[in-house]
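Below: one structure, written as structure tokens.
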Amino acid sequence: MNIAWQAEITAADHRIRPHIRRTPVMQVDDLVPEIPVALKLEHLQHTGSFKVRGAFNSLLAADVPKAGIVAASGGNHGAAVAYAAKSLGHECRIFIPKTASLAKIEMIRRSGVEPIIIDGVYADALNATVAFESDHGAISIHAYDDFGTVCGQGTVLLEWEAQGLEADTILVAVGGGGLIAGALAWLGGRHKVVAVEPEMACALHAALAAGSQVNVAVSGVAASALGASRVGDICFALAREQKIESILVSDAAIIDAQRALWQNLRLAVEPGGAATIAALMTGAYSPQPGERVAALICGANVDIDF
């Protein structure tokens, strides 16, 4: 991919900086036994996830028509696009599948947009978005497989490096792949990046195993955030180019990680946001002696019941 990614992500950072939070980082030694881990608390971003970075970057770089913006979302992307659109004074419609959590539906509403709930899964919401875009002349902001989105998400790693990131290995949760694509694009191999996916929503893992993008069935506790049925083109190209490792975690492990983050650190994190910690807690990813590990905590939109 002959793209000057670092220049584009730096431009995105300058573009969105007035509209986003610089989220904190912390080093913890008692979350995972014998594994110190650096955390990037991106779940403390506006609307509870990193997604506002890509949303603002895409909108600020676009010529938005009078018909406004339309997006499909499992929840977090919809809340981010709604928040960015309303902040910038644009009309906005969000299509969301019934599988989305109540917390994410309410986050979209609090952002000022009443979501249009669609039977089925994310792919069905995306089909409705494509139809609306065609019929009404709105512009669509893709959740993960879009140049502007990926560059916006890449600013997470730009920011983290500026905050002193020293890890050898960074664990990143993957759904459709916008966040990890941004990470790979910015880092360019300077750090090892490991993809973490739920066993029941593993589009990147399946694609890497098959050697080409494939459709996967999606279910499980993290489906609303990591439930893309097919990984994005940009993510797949970068993942193959950099030969990254992809590991899987169970729903039970994700729930245990959510509980540990709450009980030990008082961090309320959604299943997708806890997946990276689940990989460390279960040994799905086992660092070498002396290996410095970091984990990106990417989402906070959860109905707390633990």
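See the values below:
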quantity	calculated
Hits in region 200-219 - residues which are of a type outside the set (A, V, I, L, M, F, W, C), in a loop (DSSP other than H, G, I, E, B) and over 18 Å from ALA125 (Cβ atoms)	GLY211, SER212, GLN213
Condition broken by GLY188, with the remaining ones in (1) touching a strand residue (DSSP E or B) at 6+ places or on another chain (Cβ under 8 Å); (2) surrounded by fewer than 18 Cβ atoms within 10 Å (Cβ to Cβ) satisfied	(1)
Matching residues, region 147-159, being crowded, with 24+ Cβ neighbours inside 10 Å and either under 17 Å from ALA80 (Cα atoms) or in contact with a strand residue (DSSP E or B) (Cβ under 7 Å, 6 or more places away or on another chain) (or both)	THR149, VAL150, CYS151, GLY152, GLN153, GLY154, THR155, VAL156
Sole exception among (1) surrounded by 18 or more Cβ atoms within 10 Å (Cβ to Cβ); (2) free of Cβ contacts under 8 Å to residues at least 24 places away in the same chain; (3) basic (Lys, Arg) for ARG230, by number	(2)
Of residues in region 85-118 being of a type in the set (Asp, Glu) and part of a loop (DSSP other than H, G, I, E, B), the one nearest to the chain's Cα centre (by Cα)	GLU114
Of all residues making up region 31-73, the number that are acidic (Asp, Glu) and either in contact with a Ser or Thr (Cβ under 9 Å, 6 or more places away or on another chain) or outside the structural domain of GLY112 (by TED's automatic domain parsing) (or both)	2
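The values are calculated or read from the model by the stated rules, or taken from the named source; none is laboratory data. The shown structure was predicted, so the numbers you read here are calculated from the model rather than taken from an experiment. Note: ideal-geometry Cβ built from the backbone for every residue, glycine included; neighbour counts use all protein chains shown.
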